[in-house]
Amino acid sequence: MIEDDLRAAFARHETLTPPTGPVRAAIERSVVRRRRRRFRLRVGGTALVLIAAALVGVPAFTPDRPAPANLLLDPAPSKPTGALNVLLVGADGPADRPYRLADSVLLVHVPADRSRLYLVSLPRDLEVSIPGHGRDKLNAALSVGAGTPRPDLARGYALIRRVVSDTIGVRIDAGAVLTYPVLRKLADAVGGVPVCLPAEIRSAHTRRVFPAGCQQLDGAASVDLLRQRYGLPDGSLDRDRNAQRYAAGLLRRVDERGVLTNPVLLSRLLTQVGTGLVTETGETSLPALLAVAAQGTGAPPVAVVLPVKYVEKPSYRFRLDPTLSPGFLTALRDDRLGEWTAAHPDRVTGLG
């Protein structure tokens, strides 16, 4: 009797049950969207790092939002106009290191006319004001923002980006954090990076010797070179200059292979490099950044170190050069770095 009543009740309500087809289709669409989102996040992050490394060749590019478009499948969006500033931060050690410092901090300035790229190194020992932390060296901003015991590099980038913008007075449009393991993979993936050094360098970490002149570096040698500062005449400033020389070689290598303008080659390189990156594109899309980067490779990049002065107290660090930095920063803000570097050729890093 109860069984018959239940059957009758189900029969009366069966017509009210929605069809399963639309529900199943909605679930499938949701799954597809999630898969595409994960794919965009993986490809987007690595693509931005590729730009970062191609533009500056040091551990660098950074964090906040996932890529808004599928780099390989969606049509290219409109290219951004005006000058762009991309902040690249190189983090030392493995990703799970409890205390992370910024080994390299570079600002890539892309002028509005896209004539070339300007690589501006910001010394990691530059004295800055870190919100909630007081006065300290620039490299500490990444660690303060990332926190402990397990650092969040996205938060670290957000803080160092704010500090850099406040210190030099320019808008940061995009950026990324790149660790040494990722850089090693990238150098190997492009078949090595040509670097031209003005003098011999003996590694303080290995027995490797980098002779004066031009040479090809694999991933392990690349990381070794970019870590060197002990024994160099200008210490960390010379390391920044060598990073710029490395950047020029990597940019040339990537450009020769047509990676920035060929989606197939780019996809293949991204697969080799893998993931593990922190990126932030702001209001600029990744495909648009790639397009802009390709435009700027028509002429060799120009590299310069932010004008600073050494001070011994309270500890080894740099401060903005009161004579040269005002003019340099004005030129950077007004998109006139070409004029400033032409007027100060002695401040330009020799890349070849």
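The values are calculated or read from the model by the stated rules, or taken from the named source; none is laboratory data. Not measured: the values here are computed from a predicted model. In this analysis, Cβ positions are derived from the backbone assuming ideal geometry, glycine residues included, and neighbour counts consider all displayed protein chains. For accessibility, only protein heavy atoms count, side chains too; no ligands or nucleic acids. Shrake-Rupley method; radii C 1.70, N 1.55, O 1.52, S 1.80 Å.
Side notes on the structure shown:
- Asp125 out of contact with any Lys or Arg (no Cβ under 6 Å at 6 or more places or on another chain) and of a type outside the set (Phe, Trp, Tyr): no
- Within region 200-212, the set of residues being aliphatic (A, V, I, L, M) and surrounded by 12 or more Cβ atoms within 10 Å (Cβ to Cβ) comprises Ile201, Ala204.
- Gly249 within 19 Å of Gly352 (Cα to Cα) and either acidic (Asp, Glu) or not in a strand (DSSP E or B) (or both): yes
- Selection within region 283-310 - at pLDDT 90 or above and out of contact with any Asp or Glu (no Cβ under 7 Å at 6 or more places or on another chain): Pro301, Val302, Ala303, Val304, Leu306, Tyr310
- Matching entry among Val58, Val105, Val89 (being within 27 Å of Gly192 (Cα to Cα) and at pLDDT 90 or above): Val105
Matching residues to (1) open to solvent by less than 10 Å² (accessible area, probe 1.4 Å); (2) within 14 Å of Asp103 (Cβ to Cβ):
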site: Lys137; (1), (2): no, yes
site: Ser165; (1), (2): no, no
site: Leu225; (1), (2): yes, yes
site: Leu232; (1), (2): no, no
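- Qualifying residue in region 325-333 (condition: over 15 Å from Leu122 (Cα atoms), within 22 Å of the chain's Cα centre (by Cα) and not in a strand (DSSP E or B)): yes
- Selection of region 103-135 for residues being of a type in the set (Val, Ile, Thr), under 17 Å from Gly156 (Cα atoms) and under 16 Å from the mean Cα position of the chain (by Cα) yields only Val105.
- Residues that are closer than 14 Å to Arg333 by Cβ and without any contact (Cβ under 8 Å) to a residue 40 or more places away in the chain within region 150-186 comprise Ser165, Asp166, listed in sequence order.
- Among the helices (runs of 4 or more DSSP H) confined to region 152-241, the ones with at least 1 residues that are within 27 Å of Pro307 (Cα to Cα) and among the aromatic types (Phe, Trp, Tyr) are located at 153-168, 180-189.
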